[in-house]
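What follows is one structure encoded as structure tokens, with my remarks underneath.
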Amino acid sequence: MDEIRARGVVTCGVGPGVPGFSEIDKQGRYSGLDVDICRALAAGIFGQPDRVRYVITPTIQDFLKSSDIDVVSRRLTWRLTREGQGVLFGPVMFYDGQTVLVPKKLGIRRLADLAGAAVCVAANSEHDDKLTSFMTTSRLTFKKTPIADANEIRTALIAGRCQAFSDDVSALAGVRAALPSPDEFEIVSELMTKEPLAQVIRPDDVQFFNVLRWTIFATVEAEELGVTSANVDQMLKSTNPRVQNLLGTSGSTGKALGLDPRWAYSVVKALGNYGEMFERNLGAG
């Protein structure tokens, strides 16, 4: 935390190219739910959400090699094997899972309906391994078709070379959104895996870990209490003890984290509550 304050920015490792989670526009501006978590941290620490420096971080190993990246926010699954890599996972901020994207005309409603179908998957990826594992445990046989180049996925789906594409729901939604006729495709609701997504930090700073945890908790608490970016100023006058505690008009949550008493107010004012962040990036709009 001392280094972050001295530097004046939160350095955030991201993985761009996933619609709704992390994207870069032509002006070099980052957006998405993963990005909003980074901005929320900056708002809580500095009172200003734009005090973030983004670094492309493809893997946990890249994070550990770089001493100046504070947090990685890029759709990482919290799993036991990763606990042994010298990292701490923050709270689960999105529940994901692997399934398939299929053309609606095929009438596939369940994973069992894919028996014998050509299912494409990113070659040599965790999703490739999990698809194989699912076939074994469910005793279903697919024609697994590894694809090395992500740019080929759309072409293969449109041309019918793939009758399905397997990835996490969050990634499949991005693939579908980029297809010429997205309404002709659907995501099967049945899941092969559980993928709880969370941010990652190093285990050497309990204070920063607490700031990460409680920043996410604060956005959820704000949603439960009906505190939004639009009404947060009005809510400063609330007589509800939970609202007062959240927004720092009473209590000492800021002191407990080493932050300004109104740190959570700054987060909600700048980014909104969790529901607002979800709808802005991943919702129906």
* Which of (1) under 30 Å from I37 (Cβ atoms); (2) in contact with a helix residue (DSSP H, G or I) (Cβ under 9 Å, 6 or more places away or on another chain); (3) surrounded by 15 or more Cβ atoms within 10 Å (Cβ to Cβ) does A117 not meet, given it meets every other one? -> (1)
* To do: State the number of residues belonging to segment 2-42 that are within 15 Å of D70 (Cβ to Cβ), in contact (Cβ under 8 Å) with a residue 40 or more places away in the chain and crowded, with 17+ Cβ neighbours inside 10 Å.
  => 12
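Quick one: which residue in I69, I45 is in contact (Cβ under 8 Å) with a residue 12 or more places away in the chain, under 18 Å from the mean Cα position of the chain (by Cα), within 24 Å of W263 (Cβ to Cβ) and surrounded by 18 or more Cβ atoms within 10 Å (Cβ to Cβ)? Quick ask: steps written out before the conclusion?
Working: I45 fails: under 18 Å from the mean Cα position of the chain (by Cα).
Just one listed residue meets the conditions, I69.
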* Asked: Just to be sure, is R74 buried (at least 17 other Cβ atoms within 10 Å of the Cβ), under 28 Å from G283 (Cβ atoms) and either touching a helix residue (DSSP H, G or I) at 6+ places or on another chain (Cβ under 8 Å) or touching a residue at least 40 places away in the same chain (Cβ under 8 Å) (or both)?
  -> yes
* **Filter result (more than 17 Å from the chain's Cα centre (by Cα), open to solvent by 60 Å² or more (accessible area, probe 1.4 Å) and within 25 Å of G20 (Cβ to Cβ)) within segment 78-105** => K104
* Kindly indicate the residue of segment 152-185 that is charged (D, E, K, R) and closer than 19 Å to V18 by Cβ and also least open to solvent (accessible area, probe 1.4 Å) among those meeting that condition. => D168
* Structure fact -> Among K143, K130, the single one that is free of Cβ contacts under 8 Å to residues at least 60 places away in the same chain, out of contact with any helix residue (DSSP H, G or I) (no Cβ under 8 Å at 6 or more places or on another chain) and among the basic types (K, R) is K143
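Can you tell me how many residues in segment 1-60 are polar (S, T, N, Q) and not in a strand (DSSP E or B)? Outline the logic, then answer.
Going through segment 1-60, the residues polar (S, T, N, Q) turn out to be 11, 22, 27, 31, 48, 57, 59.
Narrowing the set further to residues that are not in a strand (DSSP E or B) leaves 27, 48, 57, 59.
Residues flagged as polar (S, T, N, Q) and not in a strand (DSSP E or B) within segment 1-60 amount to 4.
The values are calculated or read from the model by the stated rules, or taken from the named source; none is laboratory data. Values in this document were obtained by computation on a predicted structure and should not be read as measured data. Here the Cβ is made from the backbone with ideal geometry for all residues, glycine too, and neighbour counts use every protein chain on show. Keep in mind that these areas ignore ligands, DNA and RNA; they rest on the heavy atoms of the full protein, side chains included. Shrake-Rupley method; radii C 1.70, N 1.55, O 1.52, S 1.80 Å.
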